Structure formats: C-alpha cells, structure tokens
Amino acid sequence: MKETFGEYIKRLRNENGLTLTQLAARLDLDSANLSKIENGKRDFDEKRLGQLSIALNLDLNLLKTEFYGNLFAKKLYENQCSNDVLIVAEKKVEYLRSTNVKQTNLDL
C-alpha cells in the first residue's frame, strides 16, 4: 500500500523472478518504457491491466484496486485536495450505482 503503482509492479516483478525485459515483453512494451513506469517517470496504461494480471498471475480486481487507488491518490495530491473528496466520491459512486440499477430495470 505504501508504494506507487510503478513500485508495486517492480516489487511483484522481482517476487516473480522476472527481469525487466521479460515482463516488458509480456506487456508488449520495451524495457525502457517499463523502467520509466517502475520509476514513476511514466504512467502505466490501464489498457494493459489485463496483460499485467496474467503476466504476474494476479486477480484483475486486486490490480484495478491498486491502479485506480494510485491514480486517485496522485490526483488528490497534485491538486492539494482534502481527504473529504474521497467521501464525496464514495457517495457519488453509490448514487451512480443506484441510478444505473434503476435504468437497467426500466430497460427490461
């Protein structure tokens, strides 16, 4: 938890005994770009989350939690937002889910 998404990838890559080049190949990246991701100089492309979950044998939902948690934390930090933003966001997610259920029921 106390690591960036890039650091998380690097740790898991090492735990799985993969070199930078090996993991990069599994993600259709070159090793220089993966190195930049691991070192926080470039963002990971969310379109590759599925590939990453397969490459590291991880549950995709767990990976999404880490990825989006990192993304939100980075935005909050960069914009100097209070943690109250998370409370508001959680309420908005609940609202969106409830309206989506209502719309889905109407479509039936």
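A few points about this structure:
- Among (1) under 17 Å from the mean Cα position of the chain (by Cα); (2) free of Cβ contacts under 8 Å to residues at least 60 places away in the same chain; (3) surrounded by 15 or more Cβ atoms within 10 Å (Cβ to Cβ), the one test that ALA25 misses: (1)
- Restricting attention to region 46-66, the residues that are free of Cβ contacts under 8 Å to residues at least 12 places away in the same chain and of a type outside the set (S, T, N, Q) add up to 5.
- Just one of the listed residues (SER53, SER35) is buried (at least 16 other Cβ atoms within 10 Å of the Cβ), within 18 Å of TYR68 (Cα to Cα) and among the polar types (S, T, N, Q), and it is SER53.
- Within region 2-26, the set of residues being touching a Phe, Trp or Tyr at 6+ places or on another chain (Cβ under 9 Å) and hydrophobic (A, V, I, L, M, F, W, C) comprises PHE5, ILE9.
- Residues of region 1-41 that turn out to be over 14 Å from GLN51 (Cβ atoms) and not polar (S, T, N, Q), as a count: 18
- Count of residues meeting criterion [surrounded by 16 or more Cβ atoms within 10 Å (Cβ to Cβ) and assigned to a helix (DSSP H, G or I)] in region 7-21: 6
- The residue that is farthest from GLU46 (Cα to Cα), among those in region 65-81 that are surrounded by 14 or more Cβ atoms within 10 Å (Cβ to Cβ) and within 12 Å of the chain's Cα centre (by Cα), is LYS74.
Where a number appears in this text, it was derived from the coordinates with a stated rule and is not lab data. This one's a predicted model, so the numbers in the text were calculated from it and none came from an experiment. We place every Cβ from the backbone using ideal geometry, glycine too, and count neighbours over all the protein chains shown.
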